[in-house]
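Asker: Before anything else, here's the structure in question.
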Amino acid sequence: MSILDHFPYEVHPRPRNSQVEALVQIEKHDQTLLELPQGEGKTDVAVTFLRAGRAAGEKRQFYIMPSKTQVQQVANKFPEFKVAYGRHEHQCLYYGPEHPFRADEIPCLLLADCPHRVDQETGETYDPDEKDRCPYYQQKYEAKLPDGRPVTGTDAFYLFTHLFSKEFQPAERLVIDEAHRIAEIFRNALSYEISDYHLYRAIDLLNEIDAEEQAKQLERFAKRMIVLAKRRRLRSKVLLDNEELIELINVLADVDGNKLKSKVSEAIRQGLIDKLEQREVLKKIETLIYDLRRYILSLEYSMPTEKHKALNYTYAYYEEMVPEGKKVQYKLVINSYYVAPLVQKLLPRKMLAMSGTIGNPEYFGYETGIKAPFYALKSDFPASHTLICLPSDVADLSFGRRSRQDLNKTFRRIIRASKRFANRGHRSLIVVQSNEEREKVMRFSEEEGLNAISYGNGVHAKEVLERFKGGEGDALLGTMVHYGEGVDLPDGLAEVIFFLRPGYPSPFDPQAQFEAQRFPEGHKYALWKWRAMIQCLQVRSRIMRSKKAKGVTFYMSQQFKSLLYHALPEELKEAYDRVRGKTFDECVQEAEKLLD
């Protein structure tokens, strides 16, 4: 039986040529790395791969991707999947509907009396009379059932359940969608922030429940962290050296996690702690109790050894005084970096990793640990439907060459062009790199009269995206993190994209400092360039979701000149060549002709 026999013909009468080509290659290998352009049906390829495994008797299959929205789209299209999200995507029921906290905001493991918790062995709630079941533990229980149904979930869910939990048996077959993001997601999930505010709140609570020994241990750590932060310049995020790391490790090693857990658990049982009012500090204590060993290991991995270079990096910084509206003055940040071995550890024998933007498989393999036969398939998207504009008269917006005037001038050019397109019925997506840039564009938009919408001040990016999809606003504005990837604006919801500048790191960024120490000069710049090229392609594909779509992308810095053309697949270079050398105003005119 061919793998094509398992294609979802109930959804599409026949597979596309690119899907057939992809599945033929997948069938030849246990593990495959596939670059399949946006709009070419990656989900159908993934479902075919998993159905073939199910037909072969495999019962533990996972299809993972970065966000809940993407997971839900797959589940809606294919009801055969069970759904699994990370804690942060679920509401906690413990405190009642009047306190709608997310599951990752509450000290779940310390709340042993929760009636909603689902026993992972029996599937029953801890209180047999409780009908409302914890959504996180319920989906976790269902995901483990060997009923043959595949699980579609977030990358974070798969990481924590298969790396740190012994409840799950290893997967037999795995699909990783948007695989170019897996390293970034694992790094974020395995990194920690420790602040003076939360440490001293924990110390106060421990003193209140007569856990003075544990309070003193935490206070020694807090004082050492503050000393290390003060050695740096104000707000300067400089990496800790080996001696400073050893100081922290020695202090943390004195903290007895088991005694700390015992003291806090007993205080909760005796009613000495208000579980609602002190929820936030209890959550921080819970994290310390259960992650103490990982804290120490992460600090140890921040130091090079005779066998290997540093695998993590750690930095501390401080504000001269507590910023208005905030509570933190001193902070220690422990970042996981070299996650490739962890990714490799979680890969089963049968694996398919997919993305529309893989680029150089060598750099991809270094970042992610995924090294498999690589196939890059061409898109049959018509180049005549799009323009890829790098205007000849835009400024170089790199840190060392741009002026404040260059940046502000570029903002206003983008805003005025967006307003011009809006007057002709074409909406825009504006993507910047930093929150500071986003706030400036928003302020200038108000001055110029552009109806732009964005997030901030308690309004979430997802909420604003849905409002834009519903017809609000002439321009959607956000950073690369929020709107540059994982966002779909099909069916003409936006036809113009302005991408301010590539995401080369600031020289003051701690990860850039770490990579400068870790890699030779040439390797470092090649890695940064590869990441920037991936961003170029990801941003463009936000609106180009089908062969019928039309759209234009403007790249607004001369920095793109050294990488954009090389990043484009051959079939799209014609869309670049048609406006090569034209000024910004000329590109706008060409875009109007295409879209009108």
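Since every read-out is calculated from the coordinates, none of them should be taken as a lab result. All figures in this text were calculated on a predicted structure; none of them were measured in a lab. Every residue, glycine among them, receives a Cβ derived from its backbone with ideal geometry; neighbour counts consider all protein chains shown.
Asker: Of all DSSP beta bridges in region 383-595, what percent run antiparallel (nearest 5)?
Answerer: Once the DSSP bridges in region 383-595 are tallied, antiparallel ones form about 5 percent.
Asker: Here's something else I'd like to know. Give the long-range amide H neighbours of Val238: residues separated by 5 or more places, or on another chain, with amide H under 5 Å away, using H modelled in the peptide plane at 1.01 Å from N.
Answerer: So Val238 has HN proximity to Ala316.
Asker: Here's a follow-up. When Lys and Arg each count +1 and Asp and Glu each count -1, what net charge do the other residues less than 12 Å away from Arg220, Cβ to Cβ, add up to? Write down the numbers at each step before the final one.
Answerer: Values: positive: Lys216, Lys223, Arg224; negative: Glu213, Glu219, Glu247, Asp254.
Taking every Cβ under 12 Å from that of Arg220, the sum is -1.
Asker: Just to be sure I understand, if you calculate P(r) over Cα pairs in 10 Å bins from 0, in percent for this structure, which of (i) 3, 15, 23, 26, 21, 10, 2, 0; (ii) 3, 17, 26, 25, 16, 8, 4, 1, 0; (iii) 3, 13, 19, 21, 20, 15, 7, 2, 0, 0 do you get?
Answerer: Structure-derived value, by its label: (i).
Asker: Could I ask something else about it? Under 19 Å Cα-Cα from Lys263, which lysines qualify once same-chain neighbours fewer than 8 residues away are excluded?
Answerer: The reachable lysines, counting only those whose Cα sits under 19 Å from Lys263, are Lys216, Lys275, Lys283, Lys284.
Asker: Still on this structure, please answer the following. Treating cross-link reach as a plain straight distance, find the aspartates and glutamates whose alpha-carbon is under 13 Å from the alpha-carbon of Lys350, omitting any fewer than eight places away in the same chain.
Answerer: Filter leaves Glu27, Asp30, Glu58, Glu172.
Asker: Let me ask something else. Among Pro150, Pro510, Leu260, whose Cα sits farthest toward the positive end of the charge dipole of the chain (+1 at Cβ of Lys/Arg, -1 at Cβ of Asp/Glu, about the Cα centre)?
Answerer: Pro510
Asker: I'd like the isolated cysteines in the chain, meaning no second cysteine's beta-carbon lies under 4.7 angstrom from theirs.
Answerer: Unpaired cysteines in the chain: Cys92, Cys108, Cys114, Cys134, Cys536.
Asker: About the Cα centre of region 216-283, what is the dipole size in debye to 20, counting +1 per Lys and Arg Cβ and -1 per Asp and Glu Cβ, all else neutral?
Answerer: Working: 17 positive and 11 negative charges, 58 e Å.
Using only the charged Cβ atoms, the result is roughly 280 debye.
Asker: Using only the Cα atoms of region 371-482, build the gyration tensor, take square roots of its eigenvalues as a ≥ b ≥ c, and label the shape rounded, prolate or oblate: rounded if a/c is under 1.5, else prolate if a/b is larger than b/c, else oblate.
Answerer: Working: a/c = 1.43, a/b = 1.23, b/c = 1.16.
Cα axes put region 371-482 in the rounded bin.
Asker: For region 193-206, what does the Karplus curve 6.51 cos²θ - 1.76 cosθ + 1.60, with θ = phi - 60°, yield as ³J(HN,Hα) per residue in whole Hz, taken in order and with x for Gly and Pro?
Answerer: Couplings: 10, 10, 10, 4, 4, 6, 4, 6, 5, 5, 4, 4, 5, 5 Hz.
Asker: What aspartates and glutamates sit close enough to Lys529 to cross-link, taking a C-alpha to C-alpha distance under 17 Å and skipping anything fewer than 8 places away on the same chain?
Answerer: Glu184, Glu362, Glu367, Asp396, Asp509, Glu515, Glu521
Asker: Quick one: net charge around Glu142, please, counting Lys, Arg +1 and Asp, Glu -1 for every other residue with C-beta under 12 Å from its C-beta. Can you show the working numbers first?
Answerer: Details: positive: Lys82, Arg133, Lys140, Lys144, Arg149; negative: Asp147.
Its environment carries a net charge of +4.
Asker: Classify region 491-596: rounded, prolate or oblate, from the alpha-carbon gyration tensor (a ≥ b ≥ c, eigenvalue square roots; a/c under 1.5 rounded; otherwise prolate if a/b is larger than b/c)? Present the calculation step by step, with values, prior to reporting the outcome.
Answerer: Values: a/c = 2.37, a/b = 2.16, b/c = 1.10.
Prolate.
Asker: Do any of Lys309/Lys561; Lys550/Lys582; Lys378/Lys593; Lys345/Lys462; Lys409/Lys573 go past 24 Å between their Cα atoms, and which? Provide the component values of the computation, followed by the final result.
Answerer: Numbers: Lys309/Lys561 34 Å; Lys550/Lys582 20 Å; Lys378/Lys593 27 Å; Lys345/Lys462 32 Å; Lys409/Lys573 28 Å.
Beyond 24 Å between Cα atoms: Lys309/Lys561; Lys378/Lys593; Lys345/Lys462; Lys409/Lys573.
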